[in-house]
Amino acid sequence: MGLGHHQRHLPLPGYLGSEVLKPGDPSGTEYHIIYRFERLSDLQRWEDSDELRDWCGRVESFQEGQAQRHVVTGPERWFVLPPSGDAPPPLRFKLVAITWLAIYPLITAVFYFFGEPLQRLPLGIRTLVVTLIVVPVMLYVVMPIMTPLFERWLYPRGPIEHVEEEGEGSEPPRRG
């Protein structure tokens with residue numbers, strides 16, 4: 001039986017797509033399914049749907065152990081999650097601090113190495129070039145390095161309850 005439901009367009013409001021991530025290790029058996037929705041309420045509607053209950057019933061025999069659920073919204077998606085999948089997302093002020101610590105040196109380095117040629121470009125093009133360099137380096141290089149360095153501060157041991165209201169302009173949650 002195929003697990004191809006993720007390839008179909010779900011007839012649900014706010015559904016943005018999904019993907020299956022295979023284990024990195026060839027002998028691994030842990031797969032992750034990431035669902036993307038426009039709003040948290042859209043995800044909750046999907047989780048309460050008959051289609052999801054039906055699909056979970058069909059794949060239950062393939063499952064080893066209990067399925068785990070993790071919802072990520074907003075800037076915490078930029079960070080590598082700690083080994084413990086049940087850790088709450090970092091507090092917003094911590095995300096702001098770590099993000100600033102990542103962006104400031106990157107922007108400074110871009111202007112140090114490319115400042116003179118960038119000055120010759122119109123402001124819009126200059127900003128485009130800087131962001132084309134800074135954003136990918138931050139997301140793919142700097143944040144994966146910084147998160148383990150600040151893990152104890154970002155993900156302190158012990159329960160922390162922090163719930164945010166869904167608001168206009170909130171970023172789409174991911175499920176994995």
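Give me the percent of Cα-Cα pairs in segment 4-67 that sit more than 20 Å apart, rounded to a whole number.
Counting pairs separated by more than 20 Å, the tail of P(r) holds 32 percent.
Would you mind computing, in nm to one decimal, how far apart the modelled labels at MET143 and GLN44 are, each placed 7 Å from Cα along Cα→Cβ?
2.5 nm
Report the full-extension gain for the segment ARG69 to ILE107: residue separation times 0.36 nm, less the Cα-Cα distance, to one decimal in nm. Provide the component values of the computation, followed by the final result.
Working: separation 38, 0.36 × 38 = 13.68 nm, distance 3.59 nm.
The ARG69-ILE107 span can extend by a further 10.1 nm.
Return the distance in nm (one decimal) between the two label points of a simple spin-label model at HIS32 and VAL129, each offset 7 Å from Cα along Cα→Cβ.
Distance between label points: 3.5 nm.
Of the listed peptides 37-44, 116-123, what is their order by residue-averaged count of other C-beta atoms within 10 Å, with the highest listed first?
Values: 37-44: 18.6, 116-123: 10.1.
Those peptides, ordered most packed to least, come out 37-44, 116-123.
Once segment 92-154 is represented by equal point scatterers at the alpha-carbon sites, with solvent omitted, what log10 I(q)/I(0) does the Debye formula produce at q = 0.16, 0.21, 0.23 Å⁻¹?
Those come out to -0.57, -0.83, -0.92, one per q.
Any idea what the dipole of segment 4-67 comes to, in debye rounded to 20, about its Cα centre with Lys/Arg Cβ at +1 and Asp/Glu Cβ at -1?
About 180 debye.
Can you list the residues, at least 5 places off or on another chain, whose amide H is less than 5 Å from the amide H of LEU12, using H built in the peptide plane?
Under 5 Å from the amide H of LEU12: no residue qualifies.
Every read-out reported here was derived from the displayed coordinates using simple, explicitly stated rules and does not represent laboratory data. Computed from a predicted structure; not experimentally measured. Quick reminder, even Gly has a Cβ in these numbers, built from the backbone with ideal geometry, and neighbours come from all protein chains shown.
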